[in-house]
Structure formats: structure tokens, C-alpha cells
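The structure appears below as C-alpha cells.
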Amino acid sequence: MANPVIQRLKDNIQTVFLGHERAVDLLLIGLMARGHVLIEDVPGVGKTVLARSLARSLDCRFSRIQLTPDLLPGDVLGVSIFNSHTQSFDFKPGPVFANIVLADEINRTTPRTQSALLEAMSEEQVSVENQTFPLQRPFMVVATQNPFEFEGTYFLPENQLDRFLLRISVGYPDRNAEHRILTTQPGRFSIENLRPVLGTEQIIELQDQVPKIKLDSAIVDYILDVVEATRHDEQLHLGVSPRGALALTQASQAAALLAGRDYVIPDDVKRLVTPVCAHRIISKTYLHNGDPNATVHVLEQILEQIPAPR
């Protein structure tokens with residue numbers, strides 16, 4: 001039985017974001033695990049609607065950064081402005097100082113501006129001109145991007161990708177869901193009418209429950225087997241790092257919480273290997289022909305070869 005508090009949040013999001021239940025689940029897993037989520041897909045499938053509906057469902061501060069090629073790091077982090085009255089510089093926080101930050105079309109801005117988010121995503125703080133400013137919990141970056149083959153996009157560097165707990169794809173809705181989208185047009189009318197169903201303290205309480213979810217030694221060994229297999233697979237140039245293994249563990253615990261359990265089962269891990277690990281590894285096929293789905297195929301093969309614990 002699903003966690004009733006999280007289910008209420010999920011139901012609220014799905015009044016606007018129709019279909020794609022798996023994408024909503026993954027986004028909530030990212031929130032519960034105190035991670036960041038990259039939503040990657042073609043234009044027009046609802047990436048921004050999904051992120052905005054999450055933000056509207058939470059009673060916390062939300063900001064949106066529309067990333068463009070001319071955006072500077074200061075436009076994201078904030079700037080120091082000289083105050084003539086005090087004869088000193090006052091720091092004006094940028095849009096990253098929020099609880100839910102939507103970084104829309106993150107791969108349309110330059111690597112220099114992309115890297116401005118690194119410290120905030122890793123350490124929940126921002127350093128500007130020898131000063132460090134902490135970010136308030138909960139803090140989550142939800143980034144969207146179109147496939148890199150589209151004109152006017154930049155590659156996200158490996159260290160930036162590694163900061164995202166999950167990379168998810170929305171995909172096209174099924175026929176029934178698309179029929180409802182066409183007749184009700186929820187993203188156009190209903191999203192502004194969404195009311196918060198969870199407050200800041202409730203979110204933090206849920207996040208604090210995730211590390212307490214039980215991990216059997218067999219589950220830990222299963223995660224290690226999968227991670228180690230990526231490091232020795234001849235099809236891969238780069239395997240999953242220890243940070244990636246930790247991310248898979250935390251996401252699996254969050255998935256158990258979402259399902260209303262206080263323990264992780266093998267299916268939690270199995271279902272999350274691709275969204276957690278595919279963007280953290282590099283295949284030799286990708287180096288030769290640029291196929292971004294090559295890592296997904298390799299991970300599927302690894303999961304077939306490694307038996308899940310009973």
C-alpha cells in the first residue's frame with residue numbers, strides 16, 4: 001500500500017499531468033531522496049508541466065530559470081551590488097535560492113553557466129566572492145533538456161550529469177491519456193489552480209525517513225554486483241562510480257518509502273538501475289557513433305545476467 005501522504009501529492013500532480021505515472025513516481029523518488037532530477041525528452045511532451053505541477057503542489061518557494069546561451073553565472077547565483085549608503089556591497093540572491101528550482105532547457109546555456117549550479121546541487125550552498133550562503137531545505141533542481149541532437153544545444157559535462165540522482169524520459173502518452181489532454185487541456189488551465197498539499201516540514205520529515213529504510217545485506221550485495229559489472233563490461237568506457245552506487249541505494253530506499261514499505265526489495269533496485277545509472281556511464285559505442293541509448297542497452301544486459309536476490 002502506497003504511502004498515503006506521498007500518494008496525496010502524486011494524485012494532486014496527476015490532476016494536471018495526465019498519464020505517465022512512472023515519470024511522476026521517479027520525480028517523487030528524487031524529491032524524497034534529496035536528489036535532483038533531469039527530465040530529458042523531445043519538445044512538447046510535458047517536461048515543464050511536470051516540474052511546475054510538482055512545485056505548485058508543495059507549499060514552498062519555487063523559481064524558474066529559463067536557460068539561454070547569453071545567461072551568465074551571476075544570473076543564476078546572484079550578484080553583489082554596491083550600496084552607496086553603507087559603502088559596502090550587498091549580495092542579491094539569484095533564482096537558485098529557492099526550494100524547488102526549475103532549470104528549463106539546461107543544455108541551451110553554456111557550460112560555464114551550467115557549472116554555476118554544481119556547488120548548489122552537491123553541497124546545498126552557494127559561494128560568491130569569498131562568502132558562502134547555505135540553501136534552505138528542501139532543495140531540489142528539476143532540469144529539463146531536449147536531446148542534444150537538436151540545434152542550439154550543448155553537451156552537459158559528465159560531472160554535471162553525475163549531480164543528477166535520476167535522468168528520466170517522459171515519452172508520448174497513450175491514446176486515452178492524450179484524448180483527455182486534448183479535451184481538458186489541463187496544462188493550460190488547471191496548473192495555476194493547483195493548491196499545495198504538502199508543507200516544507202512534511203517534506204523534510206519524509207526525506208529524513210529515507211535513510212531509515214532497511215537494507216538487507218543481500219540487497220547491498222545485489223547493488224554492488226550491478227555496479228561492479230559496469231566497471232568490467234567490455235562495452236563500457238566508464239562504469240558506475242561510488243557516488244552512483246550510493247545514489248542507487250538512496251533512490252531504492254525512497255522507492256520503498258513511496259510504496260509504503262520500511263524495507264527495500266530487489267524490484268526497487270532493478271527498476272531504478274537505468275534512470276539512476278544510465279547517464280553516469282559511457283559506452284564505447286557512444287564514443288564512436290554518439291548513440292545516447294547505448295548505455296541503456298548495456299544495463300539491460302547486465303540486469304539479465306545478474307540474478308536478483310530472493
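Rule-based calculations on the coordinates, nothing more; no lab input. Treat the numbers as computed from the prediction; the structure is a model and nothing was measured. Methodologically, a virtual Cβ is constructed for each residue, glycine included, from the backbone with ideal geometry; neighbour enumeration extends over all protein chains shown.
Numbers below:
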{"read-out": "About the Cα centre, charge dipole magnitude for the chain (Lys/Arg +1, Asp/Glu -1 at Cβ), debye", "value": "680"}
{"read-out": "Distant-in-sequence amide H partners of Gln14 (H built 1.01 Å from N, under 5 Å)", "value": "none"}
{"read-out": "By average C-beta atoms within 10 angstrom, highest first, the peptides 103-113, 66-76, 244-254", "value": "244-254, 103-113, 66-76"}
{"read-out": "Per DSSP, loop GluC sites (Glu not before Pro) in the stretch 209-310 with at most 15 further Cβ within 10 Å", "value": "Glu234"}
{"read-out": "Global geometry of the stretch 161-243, whether rounded, prolate or oblate, following the gyration tensor of its Cα atoms and the 1.5 cut on a/c", "value": "oblate"}
{"read-out": "Gyration tensor verdict on the chain (Cα atoms; rounded if a/c is under 1.5, prolate if a/b is larger than b/c, oblate otherwise)", "value": "rounded"}
{"read-out": "Distance between the stretch 234-279 and the stretch 165-226 - C-alpha centres, whole angstrom", "value": "15"}
{"read-out": "Karplus 3J(HN,Hα) series, Hz, for the stretch 298-307 with 6.51 cos²θ - 1.76 cosθ + 1.60 (x for Gly, Pro)", "value": "5, 5, 4, 5, 4, 5, 5, 7, 9, x"}
{"read-out": "Inter-centroid distance (Cα atoms) of the stretch 10-32 relative to the stretch 88-122, Å", "value": "24"}
{"read-out": "13 Å beta-carbon shell around Ala308, net charge (K/R +1, D/E -1)", "value": "-3"}
{"read-out": "Unsatisfied cross-links (Cα-Cα over 26 Å) in the set Lys214/Lys270; Lys47/Lys92; Lys10/Lys47; Lys47/Lys270", "value": "Lys47/Lys92"}
{"read-out": "18 Å tail of the calculated P(r), the stretch 213-310, as % of Cα pairs", "value": "43"}
{"read-out": "Beta bridges per DSSP with both ends in the chain, % antiparallel, nearest 5", "value": "40"}
{"read-out": "Amide H partners (placed H, <5 Å) of Val126, local residues excluded", "value": "Phe133, Leu135"}
{"read-out": "5 angstrom amide H check on Ile39, placed H, neighbours 5+ away", "value": "Ala143, Thr144, Gln145, Ile168"}
{"read-out": "Mean Cβ count within 10 Å, highest first, over the residues of peptides 208-217, 20-29", "value": "20-29, 208-217"}
